[in-house]
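Visitor: Mind having a look at this structure? Questions to follow.
The values are calculated or read from the model by the stated rules, or taken from the named source; none is laboratory data. A quick note: this is a predicted structure, and the numbers were derived from the prediction, not measured. All Cβ positions, even for glycine, are placed from backbone atoms using ideal geometry, and neighbour counts span all protein chains on display.
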Amino acid sequence: MNLFTHIKELLSKNEKFCKDGELFKNNVVEAALKLDIELVKLLLTDDKAKETFFSDIEGVMVFDKVKFQNFVSNKKFLPDSYTAFKNKIGLTANREFLTDSKEVVLDFPYKDCVLEGGQTKEDQKRKEIFWNETLAPDDIDRLFEPKAFTNWKKYDKDGEHEVTNISLDDNLIIKGNNLIALHSLKELYRGKIKLIYIDPPYNTGNDGFNYNDSFNHSSWLTFMKNRLEVAKELLSNNGSIWMNIDDNELPYLMILCDEIFGKENF
């Protein structure tokens, strides 16, 4: 059962919010804004709702009404596009395009999603799934959980050897999906990496990056955002990250990096 169906069934327990299978969205949003006691109590009775919309602060459960309002306000809880963002790339402030605010970030379709983005020929034949952070937290958690590395091989000046042990002093080459590899290394190497160098797909139409023709740029940006966010966690305070890219996506990548790493760190 997805989160939309789960929350709808939960709200149906109170006729104030749902009756005969019909969700009274306005009532729910208004109740959330007012921190309605009935709504908060109802959500607190459910472990999944509590995990998604509440934060435990020293034993006190704090309701994130903004997150809940965004969830309920979107198209039938985001079933069509699996994203809270418009199908348009552009500069936004406070989730609106080109407002008077000078605090602007780059928003794009699927920004609130995770793209596994396998790069093998076999992966390119499959239909990529954009896991939404709100609707598919369990799937994302499973994707990001550390994975066991298999098929170890050890090489030195004398050639290949059987692997008997691995130490932190060994140099590792990891073959596989870089998003999964980065999250698998995160717990051990968080804040310890001095240098990261990446050579991502240039998204020129000739480099094999074939995800979602309708939103080619936004798919690429989602791909990059997912990896840069975990890369930042690995970097030490004085570490640096270098990206090899051409002009096709450079402007968008620079704005994305400003948002993730901060303009002052460019």
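Visitor: Just to be sure, is ILE255 surrounded by 14 or more Cβ atoms within 10 Å (Cβ to Cβ), free of Cβ contacts under 8 Å to residues at least 60 places away in the same chain and assigned by TED's automatic domain parsing to the domain that holds HIS183? Working first, answer last.
Guide: Working: surrounded by 14 or more Cβ atoms within 10 Å (Cβ to Cβ): yes; free of Cβ contacts under 8 Å to residues at least 60 places away in the same chain: no; assigned by TED's automatic domain parsing to the domain that holds HIS183: yes.
So ILE255 fails the test.
Visitor: Among the residues of the stretch 56-68, what is the count of those that are loosely packed, with under 12 Cβ neighbours inside 10 Å and of a type outside the set (D, E, K, R)? So that I can check it myself, show each step before the final result.
Guide: As a first pass, look at the stretch 56-68 and keep what is loosely packed, with under 12 Cβ neighbours inside 10 Å: 56-60, 62, 66.
Restricting the remaining residues to those that are of a type outside the set (D, E, K, R) gives 57, 59-60, 62, 66.
Going through the stretch 56-68 one residue at a time, the tally reaches 5.
Visitor: Would you point out which residue out of ASN206, ASN171 is closer than 20 Å to GLU128 by Cβ and surrounded by fewer than 14 Cβ atoms within 10 Å (Cβ to Cβ)? Break it down stepwise before answering.
Guide: Working: ASN171 fails: closer than 20 Å to GLU128 by Cβ.
Matching residue, one of ASN206, ASN171: ASN206.
Visitor: Quick check on the stretch 64-99: of everything there that is polar (S, T, N, Q) and at pLDDT 75 or above, which residue is farthest from HIS217 (Cα to Cα)? Step through it out loud before you land on a result.
Guide: Initially, the stretch 64-99 is screened for residues polar (S, T, N, Q), giving 69-70, 73-74, 81, 83, 87, 92, 94, 99.
Of the ones still in play, those that are also at pLDDT 75 or above are 69-70, 92.
On the way: GLN69: 28, ASN70: 24, THR92: 17 Å.
Of everything passing the filter in the stretch 64-99, GLN69 is farthest from HIS217 (Cα to Cα).
Visitor: Among the residues of the stretch 7-26 satisfying the criterion of being at pLDDT 85 or above and more than 27 Å from ASP138 (Cα to Cα), which is surrounded by the fewest Cβ atoms within 10 Å (Cβ to Cβ)?
Guide: Restricting to residues being at pLDDT 85 or above and more than 27 Å from ASP138 (Cα to Cα), the top hit is GLU15.
Visitor: Report yes if some residue within the stretch 205-222 is touching a Cys at 6+ places or on another chain (Cβ under 9 Å) and at pLDDT 90 or above; otherwise report no.
Guide: Yes: one or more hits.
Visitor: Does the stretch 145-164 include one or more residues that are at pLDDT 90 or above and buried (at least 17 other Cβ atoms within 10 Å of the Cβ)?
Guide: no
Visitor: Follow-up. Output the qualifying pairs, or none if there are none: Cβ atoms under 7 angstrom, residues six or more apart or on different chains, first residue in the stretch 162-183 and without any contact (Cβ under 8 Å) to a residue 60 or more places away in the chain and among the β-branched types (Val, Ile, Thr), second residue surrounded by fewer than 12 Cβ atoms within 10 Å (Cβ to Cβ) and in a loop (DSSP other than H, G, I, E, B).
Guide: VAL163/TRP152; VAL163/LYS153
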